[in-house]
Amino acid sequence: MMRDVAEILLTREEIRARVQDIGYQISRDFQEKDLLLVGILKGSMIFLADLLRVIQIPVLIDFMSISSYGAATASSGVVRILKDLEEPIEGRNVVVVEDIVDTGLTLSYLMRNLQSRQPKSLRICALLDKPARRIVDVDIAYKGFSIEDRFVVGYGLDFAEHYRHLPYICVLKDEVIKGGNHS
Ligand code: IMP
C-alpha cells in the first residue's frame with residue numbers, strides 16, 4: 001500500500017466485480033439500441049475504460065470536460081464546459097459516466113444541458129455515490145457503490161491531480177490532505 005494511504009475502502013477486486021455487473025446490466029438494457037457512453041474527464045477515465053470492455057453490445061464513446069466556476073459560485077452548480085462532445089446526441093441513447101456524485105450540482109447542471117440537446121434517452125452511471133452530501137437530487141440509474149462522507153482518491157479520482165493511478169479507492173492520511181505534499 002502506498003505510504004500516503006490511510007485506508008483502502010474498495011479493493012481492485014471489489015471494483016472489478018461491480019463494474020462487470022454494471023456492464024452486464026447496461027448491455028441488457030440497451031440491446032438492439034445504439035448506445036453512447038459519455039465520459040466526464042478526467043475522473044471517469046479509468047472507470048469508463050474498464051466498463052467499456054465488459055459491455056457486450058455495440059457502443060460508442062465521447063467525452064466532456066467540465067470545471068466549476070470556483071468557490072463563489074459553487075452552490076449555483078454552474079459549470080464551464082472545457083471540452084464539449086464531438087457529435088450531436090439528438091435521438092441517441094446516452095449514458096453519462098461519472099466518477100462520483102457528491103452534492104449533485106455538477107451532474108444536475110450537466111444533465112439539464114444534455115437534455116436540451118434532445119437525446120432519445122439520458123441516464124447516469126456513477127461509480128461512487130456520497131448521498132450524505134447531496135444538495136440536488138440526481139437519478140443515478142447505474143451505481144457502483146454508496147460510500148460515507150469521506151474524501152476518496154484512486155481509480156481515476158484525484159486529490160490536486162494526484163493519486164488517479166491507484167488501482168483501488170482509498171482515503172488519504174490526514175497529514176497528506178493538510179500538508180498538501182503528495183507523492
Ligand atoms: P458534485 O457537483 O458535488 O456532485 O461534484 C462532483 C465532482 O466533485 C466529482 O466529479 C469529483 O470530481 C469531485 N469529487 C467529489 N467528491 C470527491 C472525492 O471524494 N474525491 C475526489 N473527487 C471528488
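Select from the stretch 35-56 the residues that are surrounded by fewer than 18 Cβ atoms within 10 Å (Cβ to Cβ) and either in a strand (DSSP E or B) or touching an Asp or Glu at 6+ places or on another chain (Cβ under 7 Å) (or both) and list them in ascending order.
Leu41
So if I check each of Val79, Val5, Val101, Val97, which one is within 20 Å of Leu127 (Cβ to Cβ) and touching a Pro at 6+ places or on another chain (Cβ under 9 Å)?
Answer to the selection: Val101.
Could you grab the pairs with beta carbons closer than 6 Å, sequence gap of 6+ or different chains, first residue in the stretch 86-104 and farther than 9 Å from Pro119 by Cα, second one assigned to a strand (DSSP E or B) and open to solvent by 30 Å² or more (accessible area, probe 1.4 Å)?
Here the result reads Val95/Arg123, each pair linking the stretch 86-104 to a residue that is assigned to a strand (DSSP E or B) and open to solvent by 30 Å² or more (accessible area, probe 1.4 Å).
Looking for whichever is open to solvent by 30 Å² or more (accessible area, probe 1.4 Å) and at positive phi here; the options are Gly156, Gly91, Gly104. Which one fits?
Gly91
Of the numbered conditions (1) within 10 Å of the ligand (Cβ to nearest atom); (2) buried (at least 18 other Cβ atoms within 10 Å of the Cβ), Leu166 satisfies every one except a single condition; which is it?
(1)
So which residues in the stretch 1-34 are open to solvent by 10 Å² or more (accessible area, probe 1.4 Å) and in a strand (DSSP E or B)?
Across the stretch 1-34, the qualifying residues are Ala6, Glu7, Ile8, Leu9, Leu10.
Output the residue which, of all residues in the stretch 111-146 that are buried (at least 18 other Cβ atoms within 10 Å of the Cβ) and within 9 Å of the ligand (Cβ to nearest atom), is farthest from Val78 (Cα to Cα).
Leu128
Would you check which residues across the stretch 136-183 are modelled with pLDDT under 95, of a type in the set (Gly, Ala, Ser) and not in a loop (DSSP other than H, G, I, E, B) and list them?
Correct list: Gly179 only.
The values are calculated or read from the model by the stated rules, or taken from the named source; none is laboratory data. The shown structure was predicted, so the numbers you read here are calculated from the model rather than taken from an experiment. As a convention, Cβ positions derive from the backbone with ideal geometry for all residues, glycine included, and neighbour counts pool all protein chains shown. Calculation scope for accessible area: heavy atoms of the full protein, side chains included, ligands and nucleic acids excluded. Shrake-Rupley method; radii C 1.70, N 1.55, O 1.52, S 1.80 Å.
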